[in-house]
There are 2 protein chains.
Amino acid sequence: MTRLTKEICEACRADAPRVSEDELAALIKQIPDWAVEVRDGIMQLERIYSFPDFAQALAFTDRVGALAEAEGHHPKLVTEWGSVVVTWWSHKIRGLHRNDFIMAAKTDAVANQESP
Amino acid sequence: MTRLTKEICEACRADAPRVSEDELAALIKQIPDWAVEVRDGIMQLERIYSFPDFAQALAFTDRVGALAEAEGHHPKLVTEWGSVVVTWWSHKIRGLHRNDFIMAAKTDAVANQESP
């Protein structure tokens, strides 16, 4: 568990700042299993979680979905037999906000069955 | 509802035949809202379902997941705020089997709240 899991998402406005390069470098160290991907010019955080079957993958999708609803910040969840790909970014600012790192850390906590 | 929803998936072996062009042309007429996509040389059936929020998208993912478990054939489900993209193909034959058209029709039935 990282310190990020202790934070809560703040409301993200369209004029909120994206994380700076220095902030990104510091924050990504706290979620070392996540990759930064750029799609259509939008920076995103992504991690693939593996499972032994479809049912356990779908159960994880549900747990991450419940977390998303609780925090009011929603990911892309790609559920397949044996895996879930979780992608976080902030639609309003078309990039990464501190919220996304908080949610990535909390997703790891959900995967580890810790209380996020 | 189409006749396909009355069928059940048969076990798909690696040497099972893919649907022929003629079969595909006939089957796709029964699921007119689905598109045929080709990714990495693999033909797939895909449809985007829209929802007014994340919770309803996730609830649909769950219902399609339950259908998949019941039939023993599993899709890719991309869940986001406001939409779920459902993709069916048969991994073992790297293409489309009649099963995929059955599951696409049953997914439509789930979306329409009909009993598949």
| query | What are the residues in region B:25-68 that are surrounded by 18 or more Cβ atoms within 10 Å (Cβ to Cβ), more than 14 Å from chain A (Cβ to nearest Cβ) and part of a helix (DSSP H, G or I), if any? | reply | B:Leu27
| field | From the options A:Leu58, A:Leu96, A:Leu77, A:Leu45, residue that is more than 29 Å from A:Ala14 (Cα to Cα), of a type outside the set (Gly, Ala, Ser) and in contact with a strand residue (DSSP E or B) (Cβ under 7 Å, 6 or more places away or on another chain) | value | A:Leu58
| Qualifying position, being buried (at least 19 other Cβ atoms within 10 Å of the Cβ), assigned to a strand (DSSP E or B) and free of Cβ contacts under 8 Å to residues at least 40 places away in the same chain, among B:Thr79, B:Thr87 | B:Thr79
| Selected residue (only one of A:Gln30, A:Gln56 is farther than 18 Å from B:Gly82 by Cβ and free of Cβ contacts under 8 Å to residues at least 12 places away in the same chain) | A:Gln56
| message | Looking at region B:69-85 only, could you name the residues that are more than 10 Å from chain A (Cβ to nearest Cβ) and among the acidic types (Asp, Glu)? | response | B:Glu71
| said: Residues that are over 10 Å from the mean Cα position of the chain (by Cα), more than 24 Å from B:Pro32 (Cβ to Cβ) and more than 14 Å from chain A (Cβ to nearest Cβ): does region B:94-113 have at least one? | reply: yes
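Throughout, read-outs are computed from the coordinates displayed, never taken from laboratory work. From a predicted model like this one, the values you see are computed outputs, not experimental measurements. Here the Cβ is made from the backbone with ideal geometry for all residues, glycine too, and neighbour counts use every protein chain on show.
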